[in-house]
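Visitor: This structure is in structure tokens; I'll ask about it shortly.
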Amino acid sequence: MDLDNWQREVLETSGNLVLRSGRQVGKSTCISIKVSKFATSTPNKTVLVIASVERQAYLLFEKILAYIHDHHRNLIMRGKNRPTKSKILLRNGSTIYCLPTGLSGYGIRGYTVDLLVADEAAFIPEEVWSAVTPMLAVTKGSIILLSTPFGKGGYFFRCFDDPNFTKFHISSEECPRISPEFLEQEKKRMTALQYAQEYLGEFVDELRQFFSPDLIRSCMTLSKDSVIPTGTNYLGVDVARMGRDDTVLFSLSHHKQTLYQRDLKITNKTLLTQTVNDILHYDKVYNYRNIYIDDGGMGVGVFDPLLVNPQTRRKVIPINNASRSLEPDWGSHRKRRLMKEDLYNNLLSLMEQNRIKLMDDPDVAHSLKSVQAEYNDDRLRIFGAYTHIAEALIRAAWCVKSKSLNIYLY
């Protein structure tokens, strides 16, 4: 494999290391090689790969398994000990585990590990680190942290002032596989602060988290055993786009001025036709009053079939991510301006007023936490790297404002 100079340096570095970078520089590829070489070359070792949510942890874990399969296939156990989505057993006695941390790290307590690897470490909740760092006490093992920055604060940020860590910082502009033309387009699309965080890998203090951790926790009061009151059901949909494979269907039930999470379905690498079928299926189950869907980009391939289907044509309402849009009342010629910020501020208001109850779900919490905001030219800009669940949720939550109007956003 043709590696960059910094990747070779990372592979040659021993002990604790912390790596922050811009997007798509190859950090997970580099770390997957490093983990694979450690597990295959040293017998009877235990490696634990963690991330805030299951899907993120598996991305790195799959790269590790792929590298071992390509270079050390004979070391992989077979039969009943063959690899699973959370464990790789090797013939030399080493084991690689992959687990999500959740909101507190409770589910991963008790492991003793020789190497702890945290992907997107900046997004792992602060409470988790007190649960995972004792895993290395007996073995005197090492920690590898890799992430795109997420503000100035938290364990990942503090490690850059810790003399026990070797630090690496790689900008996307240093990556030969990313074209200058692409980065120039991103500069024009983003604000300077947003670009500095996402592509230059800088810690930016001026970008704030839109939903505070305490506010998110205060709303996550439902469990799988909770009885959801019977109410009017609404669906918010966020369709996967280029570079991201998850499509989200978020169902809410409106009962006595309060919204309750009814259901959440996240599908990976799903055909648009299957997404249409999924929506039709859940509409039969929950009989939605309205279905709010992003009709921009890939979403139009889902919106159009629903618009002509007799089952959903009077229910489906387009809401896309345009920063400024119009909402016409189809029974009149009156129009009012609707902005993306309206959708997020509506959800924020519901959360602050304790009028929305969500499941205690790390995926939902991680998505809400990833939403960031910045005032630029007297205007609020909202963005984030893992916001697809939040995007579906803000659409479903718009039901308290919409009152059965068809909304057209462009």
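The values are calculated or read from the model by the stated rules, or taken from the named source; none is laboratory data. Owing to the predicted nature of the structure, the values given are computational and were not obtained by experimental measurement. Positions of Cβ are generated from backbone atoms using ideal geometry, with glycine treated the same way; all protein chains shown enter the neighbour counts.
Visitor: Among the residues that make up the stretch 341-362, is at least one of them within 30 Å of residue 304 (Cα to Cα), at pLDDT below 90 and surrounded by fewer than 20 Cβ atoms within 10 Å (Cβ to Cβ)?
Guide: Scanning the stretch 341-362, I find at least one residue that is within 30 Å of residue 304 (Cα to Cα), at pLDDT below 90 and surrounded by fewer than 20 Cβ atoms within 10 Å (Cβ to Cβ), so the answer is yes.
Visitor: Any idea which of 391, 374 is touching an Asp or Glu at 6+ places or on another chain (Cβ under 7 Å), outside the structural domain of residue 125 (by TED's automatic domain parsing), buried (at least 20 other Cβ atoms within 10 Å of the Cβ) and farther than 12 Å from residue 344 by Cα?
Guide: On the way: 391 fails: farther than 12 Å from residue 344 by Cα.
None of the other options fit; the residue is 374.
Visitor: Being assigned to a loop (DSSP other than H, G, I, E, B) and within 18 Å of residue 314 (Cα to Cα) is the filter here, so list the residues in the stretch 283-302 that pass it.
Guide: The answer is 287, 288, 289, 294, 295.
Visitor: Report, by residue number, each residue of the stretch 53-78 that is of a type in the set (Gly, Ala, Ser) and out of contact with any strand residue (DSSP E or B) (no Cβ under 7 Å at 6 or more places or on another chain).
Guide: Just the residues of the stretch 53-78 that are of a type in the set (Gly, Ala, Ser), to begin with: 57, 66.
Correct list: 66 only.
Here is a yes/no grid of residues against (1) touching a Phe, Trp or Tyr at 6+ places or on another chain (Cβ under 9 Å); (2) surrounded by 13 or more Cβ atoms within 10 Å (Cβ to Cβ); (3) modelled with pLDDT of 90 or more:
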{"site": "56", "(1), (2), (3)": "yes, yes, no"}
{"site": "65", "(1), (2), (3)": "no, yes, yes"}
{"site": "83", "(1), (2), (3)": "no, yes, yes"}
{"site": "87", "(1), (2), (3)": "yes, yes, yes"}
{"site": "106", "(1), (2), (3)": "no, no, no"}
{"site": "111", "(1), (2), (3)": "yes, yes, no"}
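Visitor: Can you tell me how many residues within the stretch 233-282 are in a loop (DSSP other than H, G, I, E, B) and not acidic (Asp, Glu)? Let's see the steps before the verdict.
Guide: Taking the stretch 233-282 as the starting set, the residues that turn out to be in a loop (DSSP other than H, G, I, E, B) are 239-245, 256-257, 269-271.
Subset that is not acidic (Asp, Glu): 239-244, 256-257, 269-271.
Qualifying residue count for the region: 11.
Visitor: Then there is this: Can we say residue 192 is buried (at least 16 other Cβ atoms within 10 Å of the Cβ) and either closer than 29 Å to residue 49 by Cβ or of a type outside the set (Val, Ile, Thr) (or both)? So that I can check it myself, show each step before the final result.
Guide: Numbers: buried (at least 16 other Cβ atoms within 10 Å of the Cβ): no; either closer than 29 Å to residue 49 by Cβ or of a type outside the set (Val, Ile, Thr) (or both): yes.
Criteria not met by residue 192.
Visitor: Which is out of contact with any strand residue (DSSP E or B) (no Cβ under 7 Å at 6 or more places or on another chain), within 22 Å of residue 3 (Cα to Cα), touching a residue at least 12 places away in the same chain (Cβ under 8 Å) and polar (S, T, N, Q), of 147, 179, 172?
Guide: 172
Visitor: Hey, does the stretch 215-228 have a residue that's under 18 Å from residue 28 (Cα atoms) and surrounded by 15 or more Cβ atoms within 10 Å (Cβ to Cβ)?
Guide: no
Visitor: Now for a different question. Let me spell it out: the conditions are (1) out of contact with any Leu (no Cβ under 9 Å at 6 or more places or on another chain); (2) part of a helix (DSSP H, G or I); (3) outside the structural domain of residue 15 (by TED's automatic domain parsing); (4) not acidic (Asp, Glu), and residue 160 meets all of them except one. Which number is the exception?
Guide: Result: residue 160 passes all but (3).
Visitor: Could you please give the count of residues in the stretch 101-120 that are hydrophobic (A, V, I, L, M, F, W, C), under 19 Å from residue 55 (Cβ atoms) and in contact with a Ser or Thr (Cβ under 7 Å, 6 or more places away or on another chain)? Steps first, answer last, please.
Guide: Taking the stretch 101-120 and keeping what is hydrophobic (A, V, I, L, M, F, W, C), we get 103, 108, 113, 115-118.
Among the residues that remain, those that are also under 19 Å from residue 55 (Cβ atoms) are: 103, 108, 117-118.
Next cut, in contact with a Ser or Thr (Cβ under 7 Å, 6 or more places away or on another chain) only: 108.
Here the count works out to 1.
Visitor: So which residues in the stretch 78-100 are assigned to a loop (DSSP other than H, G, I, E, B) and either within 23 Å of residue 54 (Cβ to Cβ) or touching an Asp or Glu at 6+ places or on another chain (Cβ under 7 Å) (or both)? Give the derivation first.
Guide: Filtering the stretch 78-100 down to residues assigned to a loop (DSSP other than H, G, I, E, B) leaves 78, 82-86, 91-94.
82, 83, 84, 85, 86, 94, listed by residue number.
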